[in-house]
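Step one of this worksheet: look at the structure below.
The values are calculated or read from the model by the stated rules, or taken from the named source; none is laboratory data. None of the values given here were measured: they were computed from a predicted structure. Using ideal geometry, Cβ is built from the backbone for each residue, glycine included, and neighbour counts are taken over all protein chains shown.
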Amino acid sequence: MRVTENANYESVRSSIARSKERLEKLQHQNATLRKLNTPSDDPVGAAKVLENRTDKANNDQFLTNAKLASTFLENSDHAIAELADIVVRGKEIALGQSSGASSNEDTRLGVAEEVIQLYQQAVAVANRRIGDRYLFGGYKTNKPPVDMEGNYLGDDGQMMIEVAKDVFVTMNIPGIETFNTVPKAAADYSRAARYPATESEQHEAGQANMPGMPENINVFNELEGLRIGLLTGDLDSIRGTLERFDSLHAKLVSIRSKIGSRLKGLDTTHQALERHNLTNAQLNSAIEDADMAQVVSDLNKEETVYRSSLASAQKLIQPTLMDFLR
């Protein structure tokens, strides 16, 4: 078989081109420290890397949501703790002033001023906010949920936020649940229980009997009732607040326990997301990152091969007439 000069030229050219291509690829890996620079380097690995990056983007958003929920719940817990302290102080005042032997008109009038301060503190706590969002307004986060008369202006909306795939957490505690031990619908029954109407009045108002309906106990109403009892010297009214203050405190403790459970769940979810991100980062590193010791070794070998190819080309290519004319 006769090998022509053109065949030699083509063989040498192809050999040098392949060596230069491999050398360029190794130099690129050495510069980027990655073995996966284009999808063609490893199509399956590139698809997995893209999937992991999408998971990380989703997890980062879930982490942001979890931090927002934690901030809301932690501040709500601090506010409810302050409200519980106010209730405890109100009970202490009621207990100290519930007997004529341990109090008189002057002391009751003096303590009534402290109750006014407690009431104002309770309203301030109820209107606690983060930035421009009120904590206890339900869905109505853009205006104070409680006015100075103690009326609740919010709703019972519970804001759900996604903290993991298909996992939602309620990030707020509606004020109707915090400031009242029973729903607002029972307030009419509470007033009817305290101030019974005649049968004719009930018939005209269309009121139905509601057996077993619990009495509505409102934080602001009880503080206001205590203040009025102190100012009027109504010892029975003062003593009547003791049990209701206990109910309020028990309710607030229960709400704090609920918040603690949610925060614990958020913390667990946060740790799971962090572990997932770490696992994805390790997997991406195994797919993308180059073994630099191997890259440097291969680069040195390929440089040797390239130089050898150039040297061999000089021997394979026969002298031409131009070489003799020099």
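Starting from the range 160-181, take each residue that is over 30 Å from Glu243 (Cβ atoms) and part of a loop (DSSP other than H, G, I, E, B) and list its partners that are at pLDDT 90 or above and of a type in the set (Gly, Ala, Ser), counting only C-beta distances under 8 angstrom and pairs at least six apart or across chains.
Matching pairs, first to second residue: Met171/Ala69.
Got a number for residues in the range 285-304 being surrounded by 14 or more Cβ atoms within 10 Å (Cβ to Cβ) and either in a helix (DSSP H, G or I) or modelled with pLDDT of 80 or more (or both)?
Qualifying residue count for the region: 8.
Quick test of your reading of the structure: Glu114 fulfils all but one of (1) of a type in the set (D, E, K, R); (2) exposed (fewer than 13 other Cβ atoms within 10 Å of the Cβ); (3) modelled with pLDDT of 90 or more. Name the failing condition by number.
Evaluating Glu114 over (1) of a type in the set (D, E, K, R); (2) exposed (fewer than 13 other Cβ atoms within 10 Å of the Cβ); (3) modelled with pLDDT of 90 or more leaves (2) as the failure.
Give me a count of the residues in the range 86-139 that are in contact with a strand residue (DSSP E or B) (Cβ under 8 Å, 6 or more places away or on another chain), among the hydrophobic types (A, V, I, L, M, F, W, C) and farther than 19 Å from Gly225 by Cβ. Walk me through how you get there before you give the answer.
Of the residues in the range 86-139, the ones in contact with a strand residue (DSSP E or B) (Cβ under 8 Å, 6 or more places away or on another chain) are 123, 126-128, 135-136.
Those left that are additionally among the hydrophobic types (A, V, I, L, M, F, W, C): 123, 126, 135-136.
This time we only want the ones that are farther than 19 Å from Gly225 by Cβ, so: 135-136.
Going through the range 86-139 one residue at a time, the tally reaches 2.
Which is of a type in the set (A, V, I, L, M) and either under 16 Å from Ala84 (Cα atoms) or modelled with pLDDT of 85 or more (or both), of Ala208, Ala281? Outline the logic, then answer.
Working: Ala208 fails: either under 16 Å from Ala84 (Cα atoms) or modelled with pLDDT of 85 or more (or both).
Step by step, each of Ala208, Ala281 is checked, and only Ala281 is of a type in the set (A, V, I, L, M) and either under 16 Å from Ala84 (Cα atoms) or modelled with pLDDT of 85 or more (or both).
Conditions (1) of a type in the set (Asp, Glu); (2) out of contact with any His (no Cβ under 7 Å at 6 or more places or on another chain); (3) closer than 26 Å to Leu223 by Cβ, marked per residue:
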| position | (1), (2), (3) |
| --- | --- |
| Ser11 | no, yes, no |
| Ala31 | no, yes, no |
| Ser40 | no, yes, no |
| Leu63 | no, no, no |
| Ala69 | no, yes, no |
| Ser76 | no, yes, yes |
| Leu95 | no, yes, yes |
| Ala112 | no, yes, yes |
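Any chance the range 158-166 includes a residue that's surrounded by fewer than 19 Cβ atoms within 10 Å (Cβ to Cβ), closer than 19 Å to Asp77 by Cα, out of contact with any Lys or Arg (no Cβ under 7 Å at 6 or more places or on another chain) and basic (Lys, Arg)?
no
Of the numbered conditions (1) in a helix (DSSP H, G or I); (2) surrounded by fewer than 13 Cβ atoms within 10 Å (Cβ to Cβ), Ser99 fails exactly one; give the number of that condition.
Just one mismatch for Ser99, condition (1).
Out of everything in the range 124-150 that is of a type in the set (A, V, I, L, M) and touching a helix residue (DSSP H, G or I) at 6+ places or on another chain (Cβ under 7 Å), what residue ends up being surrounded by the fewest Cβ atoms within 10 Å (Cβ to Cβ)? Walk me through it before giving the result.
Looking only at the range 124-150, we keep the residues that are of a type in the set (A, V, I, L, M), and these are 124-126, 130, 135, 146, 148.
Add one more test, that the residue is touching a helix residue (DSSP H, G or I) at 6+ places or on another chain (Cβ under 7 Å), and what stays is 125-126, 130, 135, 146, 148.
On the way: Val125: 23, Ala126: 25, Ile130: 14, Leu135: 26, Val146: 23, Met148: 11.
It comes out as Met148.
Given Ser11, Ser40, Ser70, Ser19, which one is under 30 Å from Pro174 (Cα atoms), in a helix (DSSP H, G or I) and small (Gly, Ala, Ser)?
Working: Ser11 fails: under 30 Å from Pro174 (Cα atoms); Ser40 fails: under 30 Å from Pro174 (Cα atoms); Ser19 fails: under 30 Å from Pro174 (Cα atoms).
The match here is Ser70.
Within the group Leu95, Leu135, which residue is in contact (Cβ under 8 Å) with a residue 24 or more places away in the chain and either basic (Lys, Arg) or in contact with a Gly (Cβ under 9 Å, 6 or more places away or on another chain) (or both)? Give the steps one after another, and end with the answer.
Numbers: Leu95 fails: either basic (Lys, Arg) or in contact with a Gly (Cβ under 9 Å, 6 or more places away or on another chain) (or both).
Answer to the check: Leu135.
Given (1) part of a helix (DSSP H, G or I); (2) in contact (Cβ under 8 Å) with a residue 60 or more places away in the chain, where does Ala79 come up short, assuming only one miss?
Of (1) part of a helix (DSSP H, G or I); (2) in contact (Cβ under 8 Å) with a residue 60 or more places away in the chain, only one is false for Ala79: (2).
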